[in-house]
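Worksheet: the structure to be examined is printed underneath.
The values are calculated or read from the model by the stated rules, or taken from the named source; none is laboratory data. What you are looking at is a predicted structure, and each value in this text was computed from that prediction instead of being measured. Cβ sites come from the backbone with ideal geometry, for glycine too, and all protein chains shown count toward neighbours. All accessible areas refer to the heavy atoms of the entire protein, side chains included, with ligands and DNA or RNA removed. Shrake-Rupley method; radii C 1.70, N 1.55, O 1.52, S 1.80 Å.
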Amino acid sequence: MAKTQRGYRCTNCSWESVAYVGRCSQCNEWNTLEQFERASRPGPAARTGSRTGSVARTLPLADVTDEQGARLSTCIPELDRVLGGGIVPGSLLLVGGEPGIGKSTLMLQAAALLASQGQVVAYVCGEESPRQVRLRASRLGLDGAGVTLIPEANLDAALAAAEGIGAGVVIIDSIQSVYVEGLDTRSGGPAQLSEAGARLVAWAKANEIATFLTGHVTKGGEIAGPRLLEHLVDAVLYFESAEGGALRILRAVKNRFGATDEVGVFEMTGSGLRSVDNPSAAFLDAGDQSASGCAVTAVIEGSRPLAVEVQALAVQSYLAAPRRIASGLETSRLHLLLAVLSRRGGVNTGNLDIVATVSGGLRLRDPGTDLAVIAALASAVRDAALEPGTAYLGEVALSGAIRPVQQVQRRLGELARLGFQRCVVPAATPPVDGIELIPVRTLKDALSR
Ligand code: TYD
Ligand code: MG
């Protein structure tokens with residue numbers, strides 16, 4: 001392929017500094033691995049400078065089979081759920097999260113369970129020594145039979161070794177710790193990550209080997225490399241957790257073989273990650289519903305409803321610009337809801353420091369939880385607990401109107417299952433067995449309840 005001083009030569013317009021695989025900044029055409037390979041082959045088309053080189057294979061869509069092939073179960077129920085029912089052979093999966101959240105633990109548990117079903121599993125431990133991996137396995141109570149360690153940081157060498165043992169599943173822990181030979185940039189850097197990602201996609205597909213990559217993400221998730229890989233891989237799973245809590249949430253932010261936004265809930269125990277069977281109860285246990293500033297609501301995460309508790313605290317501020325601290329929800333959303341609460345609900349918070357969190361580490365993205373956030377804030381400001389056994393559902397408009405919520409029936413069903421007796425809901429919500437509905441039209445209505 002045509003390497004230039006500033007990068008690679010675009011296969012379309014011959015511009016000299018494109019990334020190995022990506023869009024050319026000059027002509028905006030894609031350069032793919034195949035194009036580079038074709039361009040570097042001395043065919044007649046390449047010589048005459050034709051735009052596409054050799055002619056690609058064509059095939060009628062109707063003739064392509066849609067058989068997915070058997071999925072491999074990891075025997076970890078919550079991981080299977082997030083993957084959409086198990087691992088699709090030949091898929092490339094990225095597991096991201098902050099350091100120490102449990103990526104290696106989950107991967108080692110999955111490796112051992114897959115191996116116990118007869119899969120040949122290769123574990124590339126670029127980050128830790130084989131002894132460290134062995135210590136973790138012992139702690140997890142795994143004998144490790146059937147798992148082969150590949151302590152190697154050179155990606156091509158590691159993949160060749162995995163092919164050599166006939167692996168069906170390969171785990172690379174972590175993608176930042178391996179490097180691609182021939183690129184003189186440090187491992188974990190953007191150039192290395194893109195190149196490693198591109199090679200891995202081609203390799204996993206060509207050999208039909210399911211490949212997991214772990215990747216470290218910093219708190220905000222901004223600076224870190226794994227975001228560079230998101231468009232290349234088949235599925236992106238991110239680990240989230242509440243500060244100091246044992247609950248771990250594994251969220252599919254992208255999945256070519258299943259639903260996105262599916263979440264798996266785990267608990268980190270002394271002997272590894274355990275799938276949580278009743279996540280709603282676990283999230284509520286992490287809260288304290290009898291205190292002021294606590295309000296329960298329900299969200300739809302992927303394919304299931306989950307109950308969560310919003311907690312708020314309001315204290316006298318001694319700062320010129322009182323503080324607003326949010327975790328589990330966007331600070332901008334907290335600001336917006338405080339503005340609505342002040343203007344439409346008549347509850348002033350201008351001289352108070354406000355903290356709002358979500359129990360268990362779940363992130364609330366769903367506007368259907370607005371009313372619960374507002375209820376928690378109002379309860380915190382008045383320092384009076386909300387009525388026990390009552391939950392809150394509703395989107396709050398800037399006008400103070402309470403708007404309907406998507407999939408409200410399923411949310412109410414989950415709240416009823418957990419023993420909630422009442423729920424404040426938008427007007428015209430259809431009834432659900434086992435829970436009394438308190439319809440409200442405006443924020444004023446809701447606050448007077
Ligand atoms: P780890 O899987 O090494 O995190 P990552 O690969 O995402 O960096 O998890 C490390 C943390 O998990 C560490 O703080 C110890 C804790 N842990 C447990 O609580 N129980 C266990 O059984 C194991 C193996 C780890
Ligand atoms: Mg690790």
If amide hydrogens are placed 1.01 Å from N in the peptide plane, which non-local residues have theirs closer than 5 Å to the one on Ala391?
Arg422, Cys423, Val424
Any idea of Cys75's accessible area? Nearest 10 Å², probe 1.4 Å.
70 Å²
With the charge dipole of region 207-363 built from beta-carbon charges (+1 for Lys and Arg, -1 for Asp and Glu) about the Cα centre, the Cα from His335, Ala356, Ser271 projecting farthest to the positive end belongs to His335
For region 80-87, Karplus-derived ³J(HN,Hα) couplings (6.51, -1.76, 1.60; θ = phi - 60°; whole Hz; x for glycine and proline) come out as 4, 4, 5, 6, x, x, x, 8
Nearest 10 degrees is fine. How inclined is helix 370-382 to the longest principal axis of the chain, computing both from alpha carbons?
50 degrees
Once amide H atoms are placed 1.01 Å from N in the peptide plane, what residues at a sequence separation of 5 or more from Lys254, or on another chain, have their amide H within under 5 Å of its amide H?
Val236, Asp261
0 to 90° range, to nearest 10: angle between helix 408-417 axis and the chain longest Cα axis
70 degrees
³J(HN,Hα) across region 104-115 via Karplus (A = 6.51, B = -1.76, C = 1.60, θ = phi - 60°), whole Hz, x for Gly/Pro?
5, 4, 4, 5, 5, 4, 5, 4, 5, 5, 5, 5
Karplus-derived HN-Hα couplings along region 140-156 (A = 6.51, B = -1.76, C = 1.60, θ = phi - 60°), whole Hz, x at Gly and Pro
7, x, 10, 7, x, 4, x, 9, 9, 8, 10, x, 8, 9, 7, 4, 4
For Arg131, Arg136, the accessible-area ranking with a 1.4 Å probe, largest leading, is Arg131, Arg136
Between Leu364 and residues 5 or more places away or on another chain, the pairs with built amide H atoms under 5 Å apart involve Leu329
Nearest 500 deg cm²/dmol is fine: what mean residue ellipticity at 222 nm does the chain get from its DSSP H runs of n ≥ 4 alone, each adding -39,500 (n - 2.57), divided by its residue count?
-8000 deg cm²/dmol
Considering lysine pairs in the chain that are 8 or more places apart or on different chains, how many have Cα atoms under 21 Å apart?
4
Test item: Cα-centred dipole of the chain, Lys/Arg +1 and Asp/Glu -1 on Cβ, debye:
960 debye
Loop sites in region 179-285: trypsin sites (Lys or Arg not before Pro), DSSP, at most 10 other Cβ within 10 Å:
Arg186, Lys219
May I ask you to derive the relative contact order of region 261-413, considering only C-alpha pairs under 8 Å and at least 6 residues apart, and to give it as an integer percent?
28 percent
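Would you work out the relative contact order for region 177-279, in percent, from Cα pairs under 8 angstrom that are 6 or more residues apart?
In percent, rounded to a whole number, it is 14.
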Leaving ligands, DNA and RNA out of it, work out the accessible area of Trp15 with a 1.4 Å probe and give it in Å² to the nearest 10.
80 Å²
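I want the local charge near Leu237. Using Cβ-Cβ distances under 10 Å, sum +1 for each Lys or Arg and -1 for each Asp or Glu among the other residues.
Taking every Cβ under 10 Å from that of Leu237, the sum is +2.
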Arg274 and Arg343 label points (each 7 Å along its Cα→Cβ direction) are spaced in nm at 4.9 nm
Multiply the residue gap between Ala281 and Asn28 by 0.36 nm, knock off their C-alpha separation, and tell me the result in nm, one decimal place.
86.0 nm
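Under the classification rounded if a/c is under 1.5, otherwise prolate if a/b is larger than b/c and oblate if not, where does region 119-267 fall, given a ≥ b ≥ c as square roots of the Cα gyration tensor eigenvalues?
rounded
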Comparing Ala62, Ala259, Ala416, which has the greatest mean-square fluctuation in the GNM of the chain with Cα pairs linked when under 10 Å apart?
Ala62
